[in-house]
Amino acid sequence: MTVQQQHAMEQTVLVYEDDPGSPPGVVPVRHPVPQLETQPFPTAIAEPAPQPDSAGPGTPAFRYWVAADALSSGSRMWGPLVPSGTQWVPSVGRVLTAHLDEGIDLNAFYTRRGLEFFHQTVAGVEVFSAQSPEIVRHELGHAVLDALRPQLFNAAMHEADALHEAFGDISALLTALQMESLRVTVLTETQGNLELSSRVSRMAEQMGWAIRQLNRDAVDPDCLRNMSNRFFYQDPVQLPPLGPANMLTSGPHSFSRVFSGAFLRIVAGIFRQQPAQDQAALARAAEIAGQLLVDAVVAAPVVSAYYAQVAGHMIAADQRRFGGAHGQSLRAAFIRHGILSLDAATSITAAEVARRSAGFTEATPGGSDDEGLTTVTVQGMTYGIKGPLTLRAPGEVRRFGVAGADPAGGSLRPADPEQVATSFLADLMRRGRVDVPPEHRSDTAIVDDNPARLKTHEITRSETTDGLTLVRRCFD
């Protein structure tokens, strides 16, 4: 360690450990000066670094150090869990750069160029998304999952989209559980029942409060999203694209709650299996659950009913790493949320894992954006778009024959790739999330030109075909 690094570690900065809430109810604490060059996920902040002891809440300097601490802690959490050689997608570059205030909005983005945060004044309160460690760690989670599975970025499938959002919330949860102070607080708050709503299950309380002032039923009553929930899996192809927060829709943030809810139950279940029910045991449970998730998203094929494949691969990863020690907790959580049917969950035995793994090449992170995807061509005129339109649909081979639960009993039959992709596009259009340039619009174009409506996707010229294609701009 250099003298400069040692000096930096001796200095401290004032930060929030989790979301400030509204009105701000979290007391800032002192942490060592963050080290943004944490490998394998180095980060940077576009704005100049202020002096470590320069200011408190409500100032740009404070927001800088909150964001820096959140980025650093998130990178430290994910680094040991990912396979050796994992790195940011090429367009990000060596370092993931965060821009802390890109204008007025109640949002934050991962754009494959970096992270973008915003601010907005609501009911006299200035809400900065970069001042919430949970939001910063959520956006970092998008970048980490993109590094592990870049194929999901442009995949036209609801469950890939929603898993990205769930992974972001899980990133915030697991990073918070690295901190002993928060582990102690949560164990006290829930009396050891981690499935209950808590300080770490409630995502982005302040942002949620601000959105509720403008649209009361758009988010949960006490936060943006709560991982402590009872949402039960339904095929998103059959769900409406929009609805109030108490209703499950195919929208990625809404549908993400099915998987993130199951993940919280997994952490709780693994915690209950630990010899001692203390804060150290909670740290171990979070680490195990995070490792199994990373193993699963790297290995799971990109298919329709993707949630079920990731769930099955988490059970398989537990079999390989821990001899199936946490299988009961995993199966119980995925069954509770319908991600796996009863027969699907019980079919993934040790013998089945060994049989299905034979002949498969060990999965590695990264790869090309199109790896594992198949091209589906649709008639653009159906959507008011000139010419044929290509979509990237799930196209890999299933390793486990598992699916979500049919409420009537048994398993749901996964939709075919073309249906998955066209349903995904239709829902994007219904939600006004696609930018269709004027030159690609027909006289009956279905476009939403409201400048306040974020366009997560755009229609552009395909580099590989003669027609047009759908590409993603960002995760918000």
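The values are calculated or read from the model by the stated rules, or taken from the named source; none is laboratory data. The structure displayed is predicted, hence computed values, not measured ones. Every residue, glycine as well, gets a Cβ built from its backbone with ideal geometry; the counts of neighbours run over all protein chains shown. Note: areas computed on protein heavy atoms with side chains; ligands, DNA, RNA excluded. Shrake-Rupley method; radii C 1.70, N 1.55, O 1.52, S 1.80 Å.
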Requested in this report: Please work out which residue is surrounded by the fewest Cβ atoms within 10 Å (Cβ to Cβ), limiting yourself to region 192-207 and to residues that are touching a residue at least 60 places away in the same chain (Cβ under 8 Å), of a type outside the set (D, E, K, R) and out of contact with any Gly (no Cβ under 6 Å at 6 or more places or on another chain).
Outcome: N193
Query raised in the report: Is it true that some residue in region 187-204 is under 22 Å from A299 (Cα atoms) and in contact with a helix residue (DSSP H, G or I) (Cβ under 7 Å, 6 or more places away or on another chain)?
Result: no
Requested in this report: Return the pairs, sorted by first residue and then second, in which the second residue is of a type in the set (D, E), the first residue lies in region 157-174 and is under 30 Å from T375 (Cα atoms), the beta carbons are less than 7 Å apart, and the residues are 6+ apart or on different chains.
Outcome: G168/E139
Query - Subset of region 244-256 (residues that are assigned to a helix (DSSP H, G or I) and open to solvent by 10 Å² or more (accessible area, probe 1.4 Å)) - result: P252, H253, S254
Query raised in the report: Quick check: is even one residue across region 261-275 within 26 Å of R413 (Cα to Cα), open to solvent by less than 50 Å² (accessible area, probe 1.4 Å) and among the small types (G, A, S)?
Result: yes
Report task. Scan A268, A218, A276 and give me the residue that is closer than 19 Å to V186 by Cβ, over 16 Å from the mean Cα position of the chain (by Cα) and not in a helix (DSSP H, G or I). Result -> A276
**Report entry** Close pairs from region 212-239: first closer than 17 Å to A403 by Cα, partner open to solvent by 80 Å² or more (accessible area, probe 1.4 Å), Cβ under 9 Å, at least 6 apart
**Finding:** F232/R336; F232/P407; Q234/P407; D235/R413
Query raised in the report: Going through region 281-308 one residue at a time, which ones are under 18 Å from H158 (Cα atoms) and of a type in the set (S, T, N, Q)?
Result: S304
Report summary line: W209 fails exactly one of (1) of a type in the set (F, W, Y); (2) closer than 29 Å to S423 by Cα; (3) outside any loop (DSSP other than H, G, I, E, B), namely (2)
Query - Residues located in region 448-469, provided they are among the small types (G, A, S) and under 23 Å from N107 (Cβ atoms) - result: A452
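Rundown of residues vs (1) surrounded by fewer than 20 Cβ atoms within 10 Å (Cβ to Cβ); (2) modelled with pLDDT of 95 or more, yes/no style:
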position	(1), (2)
M1	yes, no
V29	yes, no
A44	yes, yes
A55	yes, no
A70	no, yes
S75	no, yes
Query raised in the report: Quick check, is S329 surrounded by 14 or more Cβ atoms within 10 Å (Cβ to Cβ) and assigned to a helix (DSSP H, G or I)?
Result: yes
Requested in this report: Mind checking which strands (runs of 3 or more DSSP E) fall wholly inside region 83-191 and carry at least 2 residues that are modelled with pLDDT of 95 or more and open to solvent by 30 Å² or more (accessible area, probe 1.4 Å)?
Outcome: 96-99, 119-122
Query raised in the report: Do we have A289 as surrounded by 24 or more Cβ atoms within 10 Å (Cβ to Cβ) and farther than 22 Å from G141 by Cβ here?
Result: no
Query raised in the report: For region 114-147, which residues satisfy the criterion of being of a type in the set (D, E, K, R) and within 22 Å of A452 (Cα to Cα)?
Result: E116, E126, E139
Query raised in the report: Across region 355-378, what is the total count of residues that are at pLDDT 85 or above, open to solvent by 60 Å² or more (accessible area, probe 1.4 Å) and not in a strand (DSSP E or B)?
Result: 3
